[in-house]
Amino acid sequence: MVKFANEKSVQEFKDLLGGLQKGDKKSKFKDRTDESSATQYFQFYGYLSQQQNMLQDYVRTTTFQRAILDNHGDFVGKVVLDVGAGSGILSFFAVQAGAKHVYAVEGSCMARYCSELIQHNKYQDKITVIKGMIEEVELPEQVDTIISEPMGYMLYNERMLETYIYARKWLKRGGKMFPSQGTLYLAPFSDEGLFQEVCNKANFWYQSFFYGVDLSKLRGEAYAEYLTQPIVDTFDPRHLVARPVKHSTNFLTDSEESLRDIHIDFTFYPHTASQVHGLAFWFDVSFEGSQKTVYLSTSPSEPLTHWYQVRCLIGTPLFCSAWAAYSW
């Protein structure tokens, strides 16, 4: 007799059996994502604590609600698709805005919790939860509006944007997507304190007599490793030494293929002579509704979100003259 530790384990076992019975048909998601990464991704978003982290992001949650409710004309009497529904919060917002019906597609075990919340709030006649990935499930009809929160760090991390764009196959001609467009910003920054902090971590490997062992042979490799790790935090925008360069993606028109290999031509003009220690990244998205355009920004000059900002250091600081052109 097989015993399971909890209901979550039972459901995961059922999902596995279901996949085997269907022959585990190859999907676009599986073509671009290795199995271990997918497993880790869905496990991460299957935790209520992670959903809480996103729900408690006041800027994120209130902006999504405002974008949907302020554009109720795109939801009243409409059929809506929620891609990567998670806890179902965006589906609830769509119903609050007057949606006729919402299909909430969720690939992780969070689908069960989403269903429980829907039942508890007596929205089961308005929201249907579909367990699975949008690349593999079938909807009973085309939709008028697609909603999702597909942004990762630096906008493109986690590759959820490709899934979001794939979902357009279910969108009626002239339909809306919330969000509609995303823009990544990158700018050079100067931060001697951060650079020294990271270098000091690598200096651990300078020791020539660590419990009788000479570690210095690995100092170069440790230094390179530390410098290749992106730093997710927030910073004073006064550390920026030039105007940012922008790279935009239109979720309504751009293809999945355009996100497979992203190249950004980067030239900057420092507004003052300074040492550049690396590049800083942040993003914003726009919700271009029929009645109003609403923006969500993760800029260092805006209120903090759970996305923070991201900085990448360079191995050797670059001394830059004011207003000279520098290309990366």
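The values are calculated or read from the model by the stated rules, or taken from the named source; none is laboratory data. Just so you know, these numbers come straight off a predicted model, no measurement behind them. All Cβ positions, even for glycine, are placed from backbone atoms using ideal geometry, and neighbour counts span all protein chains on display. When the accessible area is computed, the model is the full protein with side chains, heavy atoms only, and any ligands, DNA or RNA have been set aside. Shrake-Rupley method; radii C 1.70, N 1.55, O 1.52, S 1.80 Å.
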From (1) open to solvent by 20 Å² or more (accessible area, probe 1.4 Å); (2) of a type outside the set (A, V, I, L, M); (3) modelled with pLDDT of 95 or more; (4) within 22 Å of the chain's Cα centre (by Cα), pick out the condition that doesn't hold for residue 319.
(4)
Tabulated pairs, the stretch 93-111, first in a loop (DSSP other than H, G, I, E, B), second open to solvent by 20 Å² or more (accessible area, probe 1.4 Å) and among the acidic types (Asp, Glu), C-beta under 7 angstrom, 6+ apart or interchain:
109/12
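Checking the conditions here, which among 141, 136 is over 15 Å from the mean Cα position of the chain (by Cα), in a loop (DSSP other than H, G, I, E, B) and crowded, with 17+ Cβ neighbours inside 10 Å? Don't jump to the end; show me each part of the working.
Numbers: 141 fails: crowded, with 17+ Cβ neighbours inside 10 Å.
The conditions single out 136.
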Consider only pairs whose beta carbons are under 7 Å apart and that are at least six residues apart or on different chains; among these, list those whose first residue lies in the stretch 114-136 and is within 15 Å of residue 94 (Cα to Cα) and whose second residue is assigned to a helix (DSSP H, G or I) and open to solvent by 30 Å² or more (accessible area, probe 1.4 Å).
129/115
Residues of the stretch 73-123 satisfying the condition of being open to solvent by 20 Å² or more (accessible area, probe 1.4 Å), under 13 Å from residue 143 (Cα atoms) and in contact with a His (Cβ under 9 Å, 6 or more places away or on another chain)
78
Count of residues meeting criterion [open to solvent by 50 Å² or more (accessible area, probe 1.4 Å) and farther than 27 Å from residue 139 by Cα] in the stretch 37-65:
5
Out of (1) open to solvent by less than 70 Å² (accessible area, probe 1.4 Å); (2) among the hydrophobic types (A, V, I, L, M, F, W, C); (3) touching a helix residue (DSSP H, G or I) at 6+ places or on another chain (Cβ under 9 Å), the one residue 218 does not meet is (1)
